[in-house]
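I have placed the structure first, in the form of structure tokens, so that the comments after it can refer back to it.
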Amino acid sequence: MKLTILSDNNTLIDKYLLGEPGFSCLVEAEGKRFLLDTGYFGVFAKNAKTLGISWRDVDGVVLSHCHDDHTKGLSAFFTEGPKPLLVAHPSLFRRVVSRGLFIGCPYPREQVERYFDLVLTAEPLALTENLYYLGAIPRPRTLDQDPALREGEDGPDRTPDDTALAYRGREGVYVITGCSHSGICNIVEQAKKVTGQSRVMGVIGGFHLRQLDDRSKAAIDYLKGEDIPYLYPCHCTALSVKVAMGNEMHIEEVGAGTSLIWE
Ligand SMILES: [Zn+2]
Ligand SMILES: [Zn+2]
């Protein structure tokens, strides 16, 4: 499996790509190409062009959750052409507000359906033989989930649609997350369950640990216990948390243009 970060808050020196407070990652596995999230400003498409990657030619787009820093870039696909799959949780189009601002998917379902074959499911789904959409993430570790309650159309909103991708590798499972509102440890546990693998080889994406508090410390303890060789926290992972993680285990820097081959 090859992954390429097309949008992140960070850009790496000497790559001359754009950054934004968003996330998008191209995942290529077993002859298929999926885009996990689309960032905010369409930066993913610009960076892909700079890198010589034909982003339009994907088999599908997977949305980790509805927040607009992951879904607003969908509009890059709003042109005539082949209709890729779009896989997301059934509550993708709900109304979510944070501090008075609408932060959900900015496009209505009818508009999205014009340009995508929409698959809305809360169940795990095999995208290729070894690449999985994880579906709704069970949250047995309650401390692990994002404590921020946003305002939803049916009351408080805890991002029930939050999900991630998992790849069944030769030696263990690899996890690619968007924002991890459901909790990075809960996501890793779901990835193990769905792929049937107990060893965790790598995790990349937003860990949604915004400050060094009890929740972050518990997540760091969990990740240390899992003894994960390849850890790439980015997007919504605070510097203080990265520093604390780096003191306990090996972590790597991430930015637009980061490209990894995980087998
Ligand atoms: Zn989010
Ligand atoms: Zn985010």
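Based on the alpha carbons, how large is the Rg to Rh ratio for region 2-261 when Rh follows Kirkwood?
Radius of gyration over Kirkwood radius for region 2-261 works out to 0.93.
Could you tell me which of G255, G39, Y16 has its Cα farthest along the dipole of region 2-261 towards the positive end, charges placed at Cβ (Lys, Arg +1; Asp, Glu -1), taken about the Cα centre?
So the residue furthest toward the plus end is Y16.
What percent does the relative contact order of region 48-202 come to when contacts are Cα pairs within less than 8 Å and at least six residues apart?
Relative contact order, region 48-202: 21 percent.
So what's the gap between the Cα centers of region 8-36 and region 213-238, to the nearest angstrom?
The distance from the Cα centre of region 8-36 to that of region 213-238 comes to 21 Å.
For the residue pair T142 and D59, what label-to-label distance in nm results when each label sits 7 Å from Cα along the Cα-to-beta-carbon direction?
4.0 nm
Give the accessible area for K193 in Å² (nearest 10); use a 1.4 Å probe, count only protein heavy atoms, and leave out ligands, DNA and RNA.
Near enough 150 Å² of accessible area.
Give me the distance between the Cα centres of region 87-125 and region 160-206, rounded to whole Å.
Using only Cα atoms to place each centre, the spacing works out to 21 Å.
Within region 143-168, whose backbone N sits under 15 Å from a point 7 Å along Cα→Cβ of D213?
Hits in region 143-168 for D213 at 15 Å: 143-150.
On a full-extension model of 0.36 nm per residue, what is the gain between S75 and L149, subtracting their alpha-carbon distance, rounded to one decimal in nm?
Contour length minus the Cα-Cα distance gives 23.9 nm.
Does region 182-256 come out rounded, prolate or oblate by the C-alpha gyration tensor, with a ≥ b ≥ c the root eigenvalues, rounded set by a/c under 1.5 and, if not, prolate when a/b is larger than b/c and oblate if not?
Prolate is the answer for region 182-256, as a/c is 1.5 or above and a/b outweighs b/c.
List the GluC sites (Glu not before Pro) in region 46-115 that DSSP assigns to loop (not H, G, I, E or B) and whose Cβ has at most 12 other Cβ atoms within 10 Å. Which are they?
For GluC sites (Glu not before Pro) across region 46-115 that sit outside H, G, I, E and B with at most 12 neighbouring Cβ atoms in 10 Å, the list reads E80.
Just add up the charged neighbours of Y222: K/R +1, D/E -1, any other residue whose Cβ is under 14 Å from the Cβ of Y222. Please list the in-between numbers first.
Numbers: positive: R139, R141, K192, R215, K217, K224; negative: D144, E189, D214, D221, E226, D227, E248.
Every neighbour counted, the sum reads -1.
Under the rule a/c < 1.5 gives rounded, and otherwise a/b versus b/c splits prolate from oblate, where does region 1-151 land using the Cα gyration tensor?
In terms of gyration-tensor shape, rounded.
The values are calculated or read from the model by the stated rules, or taken from the named source; none is laboratory data. Fair warning: this is a prediction, and the values are worked out from it, not measured in the lab. Note: ideal-geometry Cβ built from the backbone for every residue, glycine included; neighbour counts use all protein chains shown. Surface accessibility is based on the protein's heavy atoms, side chains included, excluding ligands, DNA and RNA. Shrake-Rupley method; radii C 1.70, N 1.55, O 1.52, S 1.80 Å.
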